[in-house]
Amino acid sequence: MSTLLNSLTTELRRGTLTLAVLSQLRTPQYGYSLVQLLEQCGISIEQSTLYPLLRRLEKQELVTSSWDTTENRPRRYYVLTPYGIEIFQQLKKEWEKTSQELSLLLKGDETDEND
Amino acid sequence: MRMIELYIQEVTRRLPEKSREDIALELRSTIEDMLPDNYTEKEVKSVLEKMGNPAILASGYLDRPMHLIGPRYFDIYINLLKMILPIAAVISLISFIADTIISYSGEEAVLNIILNAVGFGIWRILSTGVQVFFWLTVVFAIIERTDHRKNQTPLTACFKEWTPEDLNNIPYIPKEKAIPKVEVLLGLLWTAIWASVYFNAASLLGVYEKGSNGLEFVMPTFNQDVLYSYWPLVIMVIGLEIAVASYKLLKGEWTRKIAALNTVMHGVSSIVFIFIISNNQLFNPSFVTYMTDLFSITGDFGSWIFWAAIFTFLLFAAIDIYQGFRKANLKNVK
């Protein structure tokens, strides 16, 4: 039962990952700092999903990346492009709409149960 | 640390050459970020466990799918496989049977030949099946990898996406009217068998007697020259049978047209059969004498077998013609 719930939860969250990552990239972040930022907000993301996701976002021209070699170890920083900001805003709106619609549906469910 | 290097190597060896260095560098800095300053092997292990299976990480970087045939092509693939496999199996079986009969030299006992043939036949069908399966899978795996569109919607048999219009192309066949593929293919098999027997009657049909090497061929049933002189007619009947069978396979259900064609086919083959058998030079005279002695039949052996053969042949033809028309005239219940 719990494995089923786990897989359903993963599936539910998978679609929101892109949005979560984009939201944190308005300021430049490197891989591990991004993981920490997300974890602070309670979002745990598989490492094997995050790094390829960042590459893909770069390929789609939503983010750009650059190496910073000034610190003791080189780090690759990712930041939103203007196009990425635009897409992020639209995606955010979509999410807000979806979550409103869903909460309405779920509320309806609760009143049904109370009847 | 060796384990980190090995992990990075395990990921990058699965990636294209040009992106390896960059990704390796990023992975190394990320892994070091996750570790405390003076790390132990145990800590490295726990970090690498978080990074997960190198194969999965690498496949994330690649756009290449981690499956051979994805949802877009799977349905077509399975349908084609179901369609092609039985056809290929039957064709290989028919060609094998024809080949066996034609290459029969008459030296070995028929039973041995049949036993060997069954084994070889099964082997042939299996190897053809494996070949078909292999090549079809290879072709689809290549299509899957060369199609870079992100669309994953499954495709229909015409390699297009499904629309309600597609339903018009599906024939509606009630069960009673359907011509089962097996029936048609068995028919073709029968054609192949009798044709091969006809062309090799000299060494196949006749009297066998127990000899020192098992069964020995003593004398042929037919007068070979007379039997062979009819070959153009026989070829015509073979062609007709194959044509009608192919048409039946194509349509898949009994229609008036198919029933009429079926009648023509039976009519022509009956006429040819009667024409050939009514030639009184057909039977080998020594065979007739032998049979008459063996069963001590009084009267004309030739005419007795003649009428029995004609009656059997016509009876089966008539039954098949009748069934064809009966099924063709069944109402389509829609």
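Quick one: in region B:100-111, which of the residues that are open to solvent by less than 80 Å² (accessible area, probe 1.4 Å) and either in a helix (DSSP H, G or I) or at pLDDT 85 or above (or both) is nearest to B:Phe133 (Cα to Cα)? Only one residue tops the list, namely B:Thr100.
With respect to the conditions (1) at pLDDT 85 or above; (2) more than 22 Å from A:Gln90 (Cβ to Cβ); (3) open to solvent by 80 Å² or more (accessible area, probe 1.4 Å), A:Gln60 lacks only one, and its number is (2). Listed by first and then second residue, the pairs with beta-carbon distance under 7 Å, at least 6 apart or on different chains, first residue in region B:303-326 and more than 13 Å from B:Ser278 (Cα to Cα), second part of a helix (DSSP H, G or I) and open to solvent by 50 Å² or more (accessible area, probe 1.4 Å), are B:Phe313/B:Phe273.
A single entry from B:Ser246, B:Ser203 fulfils the requirement of being out of contact with any His (no Cβ under 6 Å at 6 or more places or on another chain), more than 30 Å from B:Phe325 (Cα to Cα) and surrounded by fewer than 17 Cβ atoms within 10 Å (Cβ to Cβ): B:Ser203.
Just one of (1) more than 21 Å from B:Glu10 (Cβ to Cβ); (2) modelled with pLDDT of 85 or more fails for B:Ala89. It is (2).
Screening B:Arg124 on (1) open to solvent by 100 Å² or more (accessible area, probe 1.4 Å); (2) under 24 Å from the mean Cα position of the chain (by Cα) shows it passes everything except condition (1). Please determine whether any residue of region B:149-166 is open to solvent by 100 Å² or more (accessible area, probe 1.4 Å) and not in a loop (DSSP other than H, G, I, E, B). Yes, there is a match, as at least one residue in region B:149-166 is open to solvent by 100 Å² or more (accessible area, probe 1.4 Å) and not in a loop (DSSP other than H, G, I, E, B). I'd like to know if region B:58-72 contains one or more residues that are in a helix (DSSP H, G or I), open to solvent by 80 Å² or more (accessible area, probe 1.4 Å) and of a type outside the set (Lys, Arg). Scanning region B:58-72, I find no residue that is in a helix (DSSP H, G or I), open to solvent by 80 Å² or more (accessible area, probe 1.4 Å) and of a type outside the set (Lys, Arg), so the answer is no. If you go through region A:18-56 and pick out every residue that is open to solvent by less than 30 Å² (accessible area, probe 1.4 Å) and without any contact (Cβ under 8 Å) to a residue 40 or more places away in the chain, you end up with 13.
The residues in region B:2-29 that are of a type in the set (Asp, Glu) and more than 9 Å from chain A (Cβ to nearest Cβ) can be counted, and the count is 4. Looking only at residues in region A:66-86 that are under 15 Å from A:Arg56 (Cα atoms) and open to solvent by less than 50 Å² (accessible area, probe 1.4 Å), the one that is nearest to the other protein chains (Cβ to nearest Cβ) is A:Arg76. Do we find that B:Leu85 is surrounded by fewer than 18 Cβ atoms within 10 Å (Cβ to Cβ), away from every other protein chain (no Cβ under 12 Å) and outside any helix (DSSP H, G or I) in this structure? Considered against the rule, which asks whether it is surrounded by fewer than 18 Cβ atoms within 10 Å (Cβ to Cβ), away from every other protein chain (no Cβ under 12 Å) and outside any helix (DSSP H, G or I), B:Leu85 comes out as no. Of the candidates B:Glu32, B:Glu41, B:Glu49, the single residue that is open to solvent by 50 Å² or more (accessible area, probe 1.4 Å), more than 12 Å from every other protein chain (Cβ to nearest Cβ), of a type in the set (Asp, Glu) and farther than 30 Å from B:Ile238 by Cα is B:Glu41. The residue pairs whose first member lies in region B:73-93 and is at negative phi, whose second member is assigned to a helix (DSSP H, G or I) and among the acidic types (Asp, Glu), and whose beta carbons are closer than 7 Å, counting only pairs six or more residues apart or on different chains, are B:Tyr73/B:Glu144. Among the residues of region B:319-329, those identified as surrounded by 13 or more Cβ atoms within 10 Å (Cβ to Cβ) and of a type in the set (A, V, I, L, M, F, W, C) are B:Ile321, B:Phe325, B:Ala328.
The values are calculated or read from the model by the stated rules, or taken from the named source; none is laboratory data. The structure displayed is predicted, hence computed values, not measured ones. In this analysis, Cβ positions are derived from the backbone assuming ideal geometry, glycine residues included, and neighbour counts consider all displayed protein chains. Keep in mind that these areas ignore ligands, DNA and RNA; they rest on the heavy atoms of the full protein, side chains included. Shrake-Rupley method; radii C 1.70, N 1.55, O 1.52, S 1.80 Å.
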